[in-house]
1. Go through 97-108, 239-250 and give me the packing order, highest mean Cβ count within 10 Å leading.
2. Figure the gain on full extension for Glu114 and Glu227 (residue separation times 0.36 nm, minus the Cα-Cα span) and round it to one decimal in nm.
3. Please report, in debye to the nearest 20, how large the charge dipole of segment 179-268 is about its Cα centre when each Lys and Arg carries +1 at its beta carbon and each Asp and Glu carries -1 there.
4. Please give, to one decimal in nm, the separation of the simple spin-label points placed at Ala39 and Asp57, each 7 Å out from Cα toward the Cβ.
5. So for each of 255-262, 213-220 I average, over its residues, the number of other beta carbons within 10 Å; can you give me the resulting order with the highest mean first?
6. Mind ranking 57-69, 121-133 by how tightly packed they are, going by the mean number of other C-beta atoms within 10 angstrom, highest first?
7. Modelled label-to-label distance, Thr101 and Thr79, 7 Å Cα→beta-carbon offset: nm?
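Since every read-out is calculated from the coordinates, none of them should be taken as a lab result. Since we're looking at a predicted model, the values are computed, not measured. Note that each Cβ is placed from the backbone with ideal geometry, even for glycine, and that neighbours are counted across all protein chains shown.
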Amino acid sequence: MESKRHRRKIKRTVMIVSNDINATVHQHSLSAVVAVLIAMMLVVSAGVGALCFYVNDVTVITASRNNDDLEKKIDDLQTANAELQKLNDELTEKNSIMGVTLDGMLREEAVREEARAQLYIPSDIPASKVVSMTEIGGDRNQGMQGESTLNDEGETVITEEQANQIISTQNPIILFILQEGSEVMATGHGTVIAVGEDAEYGNVVRIDHGNGYVTIYRCSLEVRVHEGDDVVKGDPLFLMSNGTTTLGYQILQNAEFINPSDVMELKG
């Protein structure tokens, strides 16, 4: 019968030696399990330390990179902000220039509009080659004294003295004595709204100027315009006279008769 082998139990001894020659040497025996555990603990501790060092190093590197990224983003934002500020300054300057230009254009347009509006105000004298003008309004003696005369065309002509005696129907009117070759003209831009006969003067033309003013021209000359015609200031309304002629001129403002001299620009 084979003899059983006896396994020898291996023990490991740890010696703790002091640097003092007189000191006692201490020996501690450790079992294999304990030694393995201690070794494992040392390995784990070393691994944890290495891991912590690695994590700390990675954290520092990451933080450094993040800081660099933030600084780059800050620089980019500052650059973009500077560009936006420059653009804003340019837009502000352009807006200021446009504002000045627009104000100037508006003022010029207002001046042009005022000039256009003035063309529709009947401010001109209604005839050329005027010998005299007489304002009539209010109560006047009815009828005329003296005999009337005829021109070469057989038209009735009255003197200035006789004109003062014409019945005015209490509406203001200016009588112009015109010499030969004179023209009766529109005193402002407008539209002819009526052409007809006048029992006292022969013919009558009415012009609406579109701004509350209506002018009335009463004359024995032949009418050159028709109802609906657009006329501008200075356009002839009657054929040129061949002798001394009388023109009766009236103005309505908002359907009320006014004195024409209040609107006319008398020159000379």
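1. Ranked from most to least packed, the peptides come out as 239-250, 97-108.
2. Net length gain for the segment: 37.9 nm.
3. 160 debye
4. 2.7 nm
5. Most protected by this proxy first, the peptides run 213-220, 255-262.
6. Put in order of decreasing packing, that is 121-133, 57-69.
7. 3.3 nm
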